[in-house]
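Before any comments, here is the structure.
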Amino acid sequence: MCALGYLSNSFKLSSPVPQPSSKMRSQFFGTQRTMTSNISSFRYAQADIMKPSCVSCHNNHPDSPKKDWKVGDVRGVLEITQPLDRIIKTTNAGLRDTFLTLAGLSVLGITGLTLVISKLRQTSKELEKRVIERTAELATEKEKSESLLLNILPEQIAQRLKQGHHQIADGFAEVTILFADIVGFTQLSEKILPQDLVILLNKIFSEFDRLSDRHGLEKIKTIGDAYMVASGLPTPRADHAKAAAEMALDMQQEISKFNLQHNFELCIRIGINTGPVVAGVIGTKKYIYDLWGDAVNTASRMESHGIPGTIQVSTKTYDLLHNQYIFKERGAIVVKGKGEMKTYLLIGRKV
């Protein structure tokens, strides 16, 4: 029998067997809890069984304790004994290490989860900020687009386009149309720089725009140094002729102020006519709100066949205004495409 001890552990190899005190072969197999030196220990025993390849060797070996070995004989016992306190200590240490590892992993997991949540919140805030900024940008762009649309179209017409009305055409039984041309501006363009010409023309037309807003007229378009407005559309009004007459008189005053400020000798020629028209929007990429009808052509002829510095009106317009304004009869004139027409010159307001 031999025994080795390592840190309170013991290892024994017993041979030969059975020992005198061993009654049963099963005594050497399995595990059991024992008391050794008042120390609770864990004992493991395993029998070493004779194999066929070893029978001859053991029977013939001079140091063999016997010569009748057979297969299945127990030739020895391998026994390991370890104190339970050491097992418990080792187990507890392992459990502690496992717990600490799990705790560390939990902390790392929670920390990682916290970081992920924090990052998600930050990303969410950034996205929300971008959405708000982009929404504001889109709102600004929408306002700019609507503002540009209102610069070329009446507000009612612009709203109808936004609502999906693709074809807009309306008939008006009676409106008053005004055409104005700045006499002498073409000659002036030959004497000043192009940018200066545009600046001057913009000043004049900007004042005309202000007057059209004040009197409630709808600016239709400008062509070169010609200016066109209409009264009584897109919203009909009973005093459309009077509003056009008031604007014409104010336009004359604005040209006089302009000449004094810039030392020019410009004058304006204005023509007015009243009658039915068709108004509508044409174009897809560039919208134009325009008027059509004989009344429009006649108003244009009143301007082109007029006298510089005067306001020439047709008989139809005169009939609507002669009780409120002073007129001078011009008489019959030959109008292109119309023949002879009796016209009047608007002089001023009656006191």
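Structure above, values below:
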{"read-out": "Descending principal axes extents, the range 100-151, alpha-carbon based, whole Å", "value": "75, 7, 5"}
{"read-out": "R0 of 56 Å, Cβ-Cβ distance residue 97-residue 148: FRET efficiency to nearest 0.05", "value": "0.15"}
{"read-out": "The chain: Rg to Rh, with Rh as the Kirkwood radius over Cα pairs", "value": "1.88"}
{"read-out": "Taking the chain and dividing mean pair separation by its residue count, relative contact order in percent (alpha carbons under 8 Å, at least six apart)", "value": "12"}
{"read-out": "Computed E for residue 114/residue 90 - FRET, C-beta separation, R0 51 angstrom, nearest 0.05", "value": "0.90"}
{"read-out": "Cα-based helix-to-principal-axis angle, 240-262 vs the chain, degrees rounded to 10", "value": "90"}
{"read-out": "Using alpha-carbon coordinates, inclination of helix 84-152 to the longest axis of the chain, degrees", "value": "10"}
{"read-out": "Which of 348, 325, 77, positive extreme of dipole for the chain (C-beta unit charges)", "value": "77"}
{"read-out": "5 Å-binned pair-distance histogram of the range 212-264 (Cα, whole percent)", "value": "4, 18, 25, 21, 17, 9, 4, 2, 0"}
{"read-out": "Cα convex hull of the range 236-283 - mean projected area over all directions, nm²", "value": "5.4"}
{"read-out": "Rounded FRET efficiency, nearest 0.05, which uses the C-beta distance separating residue 162 from residue 128 and R0 of 30 Å", "value": "0.55"}
{"read-out": "If the convex hull is drawn through the Cα atoms of the range 198-351, its volume per residue in Å³", "value": "129"}
{"read-out": "Per-residue [θ]222 nm for the chain (sum of -39500 (n - 2.57) over DSSP H runs n ≥ 4, rounded to 500)", "value": "-15000 deg cm²/dmol"}
{"read-out": "Nearest 10 degrees, 0 to 90: helix 194-215 Cα axis against the chain principal axis", "value": "80"}
{"read-out": "GNM top mover of 66, 89, 242 - the chain, alpha-carbon springs below 10 Å", "value": "66"}
{"read-out": "Cα-based reach from residue 119 at 29 Å (exclusive), listing lysines while leaving out same-chain residues under 8 positions away", "value": "129"}
{"read-out": "Length-normalised contact order for the range 229-274 - Cα pairs under 8 Å, 6+ apart - percent", "value": "27"}
{"read-out": "Most positive-pole-ward Cα, 45, 59, 298, against dipole of the chain from beta carbon charges", "value": "59"}
{"read-out": "Above-threshold pairs, the threshold being 21 Å between Cα atoms, out of 203/257; 221/285; 203/286; 142/162", "value": "203/286"}
{"read-out": "Residues of type lysines that residue 350 reaches as a straight line, Cα spacing below 17 Å, ignoring anything fewer than 8 places off in the same chain", "value": "242, 328"}
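Quick note: the coordinates plus some simple rules give every number you see, no bench work behind them. Not measured: the values here are computed from a predicted model. Because the Cβ atoms are built from the backbone with ideal geometry, glycine has one as well, and the counts that use them run over all protein chains shown.
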